[in-house]
Amino acid sequence: MAEQHGMISPFEPGQVREHEGQRIISYGTSSYGYDVRCSTEFKIFTNINSAIVDPKNFDASSFVDINSDVCIIPPNSFALARTIESFKIPRNVLTVCLGKSTYARCGIIVNVTPLEPEWEGQVTLEFSNTTPLPAKIYAHEGVAQMLFFESDEICETSYADRAGKYQGQQGVTLPKS
């Protein structure tokens, strides 16, 4: 389905477990989904400016931007990243993003989020470090799994029809009201 509809770019038809002879956290096509990678672009939450977290008026100074092959998330904090892959979801498909068990078993949780029919763009991912220790995320390796649910009918109103506020997002995208 993904190849037929051009849903994922770049698309890996198999599951990649090694890169340059090194074992990595897998990405690519899995049994019933697709394991995505995150880029080197991260926003790490910080309270250095003592801003109030307000989803209607989010203060970008609540994050520190880094560009690196790894992201160290402080204890009991979170970071935002984006997928390397871009998505173009067909009108009859709902996609759900879930965390990979490798990270979950380390106390690193990926927020569950839907990609609605006809949503397009790079996915902004949230990683929560639920532990009292610093936690590491690896760029260019698998970080979350996308599950695709195809309907027999197309939806009445798609994300594109509603002109959704996150349509076409590129890069790590902060909350919009």
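For segment 107-142, the residues whose backbone nitrogen is under 11 Å from a point 7 Å from the Cα of residue 155, taken along Cα to Cβ, are 114-120.
Using 7 Å Cα-to-Cβ label points, what is the residue 72/residue 1 separation (nm, one decimal)? Placing both labels 7 Å along Cα→Cβ, they lie 4.1 nm apart.
Between residue 130 and residue 17, how high is the FRET efficiency from 1/(1 + (r/R0)^6) when r is the Cβ-Cβ distance and R₀ = 45 Å? Nearest 0.05.
Working: r = 26 Å, r/R0 = 0.58.
With R0 = 45 Å, the Cβ-Cβ based efficiency is 0.95.
Per-residue ellipticity at 222 nm, computed for the chain from helices alone with -39500 (n - 2.57) per DSSP H run of at least four residues, works out to -500 deg cm²/dmol.
Remind me, relative contact order of the chain in percent, using alpha carbon pairs under 8 angstrom and six or more residues apart?
28 percent
If eta is 1.002 mPa s and T is 20 °C, what Stokes-Einstein diffusion coefficient results for the chain, Kirkwood Rh from Cα pairs, in µm²/s? Once the numbers are plugged in, D ends up at 127 µm²/s. Length gained on full extension, residue 32 to residue 138, computed as 0.36 nm times the residue gap minus the Cα-Cα distance: 35.8 nm. Each label was represented as a point 7 Å from its Cα along the Cα-to-Cβ direction; for residue 176 and residue 64 these points are 2.9 nm apart.
Bear in mind that the values in this text are calculations on the coordinates, not laboratory data. Remember, predicted model here, so these are calculated numbers, not experimental data. Positions of Cβ are backbone-derived with ideal geometry, glycine not excepted, and every protein chain shown enters the neighbour counts.
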